[in-house]
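*Asks:* I have a structure I would like to understand better, so I am pasting it below and will then ask my questions one at a time.
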Amino acid sequence: MLQDGARPPVFDEDFRTEFETLLAWRRDVRHFSDEALPDGALERLIALTALAPSVGNAQPWRFIRISSPDRRARLTTHVDAASRIAVRAYDSERAAAYRALKLHGLREAPEVLAVFSDENPAAGHGLGIATMPEMLRYSTVMAIHTFWLAARAQGIGVGWVSILEPRFVADLLDVPEHWSLIAILCIGYPKSQTDEPELAARGWQHRSTPELIDR
């Protein structure tokens, strides 16, 4: 909150250029070094998610650090099995390209987070979700994006794992029934830095500029 007489910050052209650079260099990281994060780094990044927008200021995001080696191993086995099932949906050429991809860093990343959205948060008092309850989940995605950019600004990589069954993860972590899984995040220092998405570099899918449609 601004103090009396204080002025809001000015985001000048240099800042805007740096911000665009941050966006361009945010990557979905799958290749991690074994260097541990500094003490408190993960907690500070999670604290910054409080600055993310959320419907009704409900702040429905819930973070679970998967620190148990057994749970992490079971999660990794589950994701690998789900990946073997997912590849069946592709023709032979695309399936070969799929198998050549590294799809997650669950074995290497120093930290793994599960991010859930609370579908019945006490905060927010239901504002903005009467007709669109999915806004709670969208808010949690915004928190993840905030976390991701803050991490990248500190040289920390994030990878989003989605080839899994949400029910399996919820049971594995014993969360309340009204929590919905949004993401499994692998977090750590990347082995290398690039501004090109890995899927584009490997020919899976190139990025395109969205079309603005008038009605």
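*Asks:* Consider Gln59 against the criteria (1) part of a helix (DSSP H, G or I); (2) in contact with a helix residue (DSSP H, G or I) (Cβ under 8 Å, 6 or more places away or on another chain): it satisfies all of them except one. Which criterion is unmet?
*Replies:* (1)
*Asks:* Limited to region 106-126, what total is found for residues that are assigned to a loop (DSSP other than H, G, I, E, B) and either touching a residue at least 24 places away in the same chain (Cβ under 8 Å) or of a type in the set (Ser, Thr, Tyr) (or both)?
*Replies:* The total comes to 12.
*Asks:* Check region 123-135 and report whether any residue there is touching a His at 6+ places or on another chain (Cβ under 9 Å) and either among the acidic types (Asp, Glu) or more than 30 Å from Lys191 (Cβ to Cβ) (or both). Explain how you work it out, then say what you get.
*Replies:* Filtering region 123-135 for residues touching a His at 6+ places or on another chain (Cβ under 9 Å) gives none.
No, region 123-135 contains no residue that is touching a His at 6+ places or on another chain (Cβ under 9 Å) and either among the acidic types (Asp, Glu) or more than 30 Å from Lys191 (Cβ to Cβ) (or both).
*Asks:* In region 105-120, which residues are open to solvent by 20 Å² or more (accessible area, probe 1.4 Å) and in contact with a helix residue (DSSP H, G or I) (Cβ under 8 Å, 6 or more places away or on another chain)?
*Replies:* Hits for region 105-120 are Arg107, Glu111, Glu119.
*Asks:* Which condition number in (1) under 30 Å from Gly124 (Cα atoms); (2) under 20 Å from the mean Cα position of the chain (by Cα) is the one that Leu103 fails?
*Replies:* It fails just one condition, (1).
*Asks:* Can you tell me which residue among Thr194, Thr131 is open to solvent by 90 Å² or more (accessible area, probe 1.4 Å) and not in a helix (DSSP H, G or I)?
*Replies:* Details: Thr194 fails: open to solvent by 90 Å² or more (accessible area, probe 1.4 Å).
Just one listed residue meets the conditions, Thr131.
The values are calculated or read from the model by the stated rules, or taken from the named source; none is laboratory data. Computed from a predicted structure; not experimentally measured. Cβ: placed from backbone, ideal geometry, glycine included. Neighbour counts: every protein chain shown. Keep in mind that these areas ignore ligands, DNA and RNA; they rest on the heavy atoms of the full protein, side chains included. Shrake-Rupley method; radii C 1.70, N 1.55, O 1.52, S 1.80 Å.
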